[in-house]
Amino acid sequence: MPGYFAATLTVVIAISGLLTGPPAWAKGDVERGKRLARECFACHGQDGYSPSPINPKIGGQHERYLFLSLKEYRDGGRSHSLMRGSVLSKTDQDLEDIAAYYASQPGYLTPREIWQRTQEGVPAAAGPPSGAPQGGPPGGPSGPPKFDHSDHIARYNSMLAQAAQDAAQAPGPVGAAACASLSGSADSDRDGDGLADAYDAAPDDAGEFVVDGDADGYYEICDIRQLEAIGNLGGGEGQSTTLDRAARMARNYRLARDLDASTVGNFEPIGDCGPAGNCMVTLDRFGFQGVIDGGGHTIRGLRISRPGGSGIGLIGVLGAQGTVRNLALEDAVVIGRGGVALLVGSNFGMVYRCRAEGEVAGDLALGVLVGGSGGLVAYSESAGTVSGNQAVGGLIGDVRGGVYFSRSNAEVSGSRGLGGLVGLNTFGLVLSSYSTGQVIGGNDLGGLVGMNTDAKVRNSFSIAAVEGDGSNIGGLVGFNSLSEVRNSYAAGAVFGGDAVGGLVGRNNGSVRMSYAAGPVSSEGASGGISGFMVEGEEDGNFWSAMSYSAGASDLGALTAEQTGWAPRPGDFLGLIDAYCDANGNGFIDPDERVPDNRIWDFRGSGEFPVIRCTFEAGYPSGDTDGMGKM
């Protein structure tokens with residue numbers, strides 16, 4: 001449950017309770033509450049003792065207080081976007097059960113007592129090992145049970161395979177003649193469907209606005225107004241259409257040419273969060289469920305300004321059955337509140353081989369390409385600026401899905417949970433991706449991922465500069481809680497107030513076979529790999545003398561065998577740690593077990609190793625510096 005609890009109840013609630021007496025309410029079910037609270041563990045801890053001081057400790061709090069606090073977040077009485085998003089779909093009984101569970105945990109303990117309680121089978125008298133930081137030793141237990149990622153990763157892999165197959169089987173380019181039929185006046189709308197005759201492929205038919213001229217199953221889009229009409233045809237005052245919105249939103253469309261969006265002052269997103277404007281309740285029910293194939297074309301000059309809206313982008317909400325592919329946006333500006341991005345505001349489906357460049361501003365779950373994503377984003381890229389409050393990322397703001405073979409070169413700014421690629425990664429997988437640019441904010445900042453909560457980062461890197469004035473600042477990940485970082489590196493400069501690390505700011509998870517090579521400076525705790533270790537493990541990692549002098553290694557002089565990152569003969573379980581999954585099927589196939597497909601490329605003496613299986617490996621762009629148009 002990302003977020004934090006305020007210290008006291010409001011005066012109004014306190015006085016109301018004294019005057020009227022406590023209302024009747026059923027105490028919660030502790031066991032059910034534990035299951036419901038699993039999402040809360042990464043930020044608040046399994047027992048309510050957060051691994052990060054940024055999150056208050058809630059173990060042992062009064063049950064009634066916890067329930068009323070949760071209810072206030074859900075109902076909007078307390079303003080905290082991450083907390084509200086976590087409890088918005090919960091019933092009163094759900095909240096009572098969660099409150100009962102955390103209330104059942106022991107009360108406040110000293111740092112030594114907290115550490116002792118984490119040790120299973122270790123006598124309390126033994127105490128922390130010498131040199132252990134207050135509050136928890138390096139190493140230690142693996143913590144509470146982690147989220148089972150296997151089903152999710154299998155789903156992402158299947159989605160990727162399907163997207164690649166669909167793209168390969170898609171019809172060829174649309175001929176210029178496809179748009180020749182558009183004629184008539186921009187001031188005339190003969191069929192009264194709200195789309196002017198100049199942009200309506202069927203100006204005399206209120207039941208159609210586009211055509212499939214070559215009968216390939218894709219309706220041709222020749223103008224930005226046709227694209228907008230997918231969602232809003234016949235919706236204006238005095239307008240009507242016999243073509244049902246659900247039918248329009250389930251079709252397949254293809255761009256016939258580049259589109260100029262600057263002729264539409266405030267584009268209306270395709271798909272939305274429903275009448276109440278809340279995607280956390282409606283999910284993808286009002287989203288686009290078909291295919292938009294850009295055909296390699298570009299949309300330029302998009303402008304959307306809906307400061308109080310959610311699910312804001314060219315496609316406001318992309319449904320679980322929806323796909324957008326082979327599309328680029330340039331010179332775009334989008335403003336909203338939550339779930340905001342240039343291409344897709346809230347993604348439940350598939351974003352494949354897309355690019356977005358421009359500016360994004362809002363509050364929560366903001367990204368240059370995608371705002372919030374529970375689906376898959378693959379082989380995609382972004383560049384520009386994104387600014388907000390929480391869960392802000394250069395590519396995606398809030399991830400609960402997969403991010404494969406993607407990259408971002410963006411300027412990211414905000415308060416908490418900011419990342420060069422992803423702001424908040426909960427239960428998600430970031431695979432073979434990277435970020436450049438810079439990240440500037442307060443707490444939980446990472447060059448690649450700001451907050452990694454019960455999530456995974458594999459085969460990825462960042463060279464973004466990271467600067468924070470608070471805690472949990474890392475070259476790759478800011479706050480790594482119950483999460484895994486494997487085969488990754490960071491080489492950007494890192495500066496922060498406390499818990500500042502070349503790779504991870506605060507680590508409450510696993511970091512393996514990775515390195516940091518950028519300078520680290522801090523006013524408090526800092527380290528070459530992790531700035532502050534709570535629990536978990538760090539194994540087989542290296543940092544250079546450039547970044548942190550104490551115990552530094554000359555990684556450029558080591559071989560794959562000396563690092564322990566070389567494939568071990570006969571270790572079939574470890575293949576995923578040694579080789580790139582080049583076809584993205586989730587397995588290391590026999591033909592992928594070759595030296596040129598090893599994850600790490602040890603280029604020669606004096607050079608740091610680099611990761612082979614990133615964006616360029618699966619998305620040839622023809623550029624020589626690996627940055628394409630970004």
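A short reminder: the numbers here are calculations on the coordinates, not readings from a lab. All values derive from a computational prediction rather than experimental measurement. We place every Cβ from the backbone using ideal geometry, glycine too, and count neighbours over all the protein chains shown.
The table that follows gives values for the structure above.
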quantity: Principal axis box of region 265-423, alpha-carbon based, largest edge first, Å; calculated: 35, 33, 33
quantity: Cα-based shape type of region 373-417, given that a ≥ b ≥ c are square roots of the gyration tensor eigenvalues and the cut on a/c is 1.5; calculated: oblate
quantity: Cα gyration tensor shape of region 388-530, rounded if a/c is under 1.5, else prolate or oblate by comparing a/b with b/c; calculated: rounded
quantity: Zone of R400's modelled label, taken as backbone nitrogen in region 506-520 under 18 Å from a point 7 Å along Cα→Cβ; calculated: none
quantity: Ranked packing of 472-479, 528-535, 153-160, 327-334, most packed first, by mean Cβ within 10 Å; calculated: 472-479, 528-535, 327-334, 153-160
quantity: Sequence ranges 181-193, 344-356, ranked by mean other-Cβ count within 10 angstrom, highest first; calculated: 344-356, 181-193
quantity: Environment charge of R285, counting only residues whose C-beta is closer than 14 Å and scoring Lys/Arg +1, Asp/Glu -1; calculated: -1
quantity: Largest to smallest principal axis extent of the C-alpha atoms in region 297-388, angstrom; calculated: 27, 24, 15
quantity: Neighbourhood charge, 11 Å Cβ-Cβ cut-off, centred on A164 and excluding it, Lys, Arg +1 and Asp, Glu -1; calculated: +1
quantity: Average Cα contact separation per residue, region 389-465, under 8 Å, 6 or more apart, as relative contact order %; calculated: 32 percent
quantity: From the C-alpha gyration tensor of region 344-468, square roots of 5λ in Å; calculated: 17, 14, 13
quantity: A276/A177 FRET efficiency (R0 45 Å; Cβ-Cβ; nearest 0.05); calculated: 0.55
quantity: Distance between modelled label sites at V610 and F587, nm, 7 Å Cα→Cβ extension; calculated: 3.1 nm
quantity: Relative contact order of region 250-302, pairs being alpha-carbon contacts under 8 Å that are 6 or more residues apart, as %; calculated: 61 percent
quantity: Sum of side-chain charges, S387 neighbourhood, beta-carbon under 12 Å (Lys, Arg +1; Asp, Glu -1); calculated: -3
quantity: Of the trypsin sites (Lys or Arg not before Pro) in region 488-597, those whose Cβ has at most 12 other Cβ within 10 Å and which sit in DSSP loop; calculated: none
quantity: Debye, to nearest 20: dipole size of region 473-581, +1 on Lys, Arg Cβ, -1 on Asp, Glu Cβ; calculated: 160 debye
quantity: Cα gyration tensor category, rounded, prolate or oblate, for region 511-600 with a/c compared to 1.5; calculated: prolate
quantity: Protection proxy ranking of 169-175, 224-230 - average other beta-carbon atoms within 10 Å, highest first; calculated: 224-230, 169-175
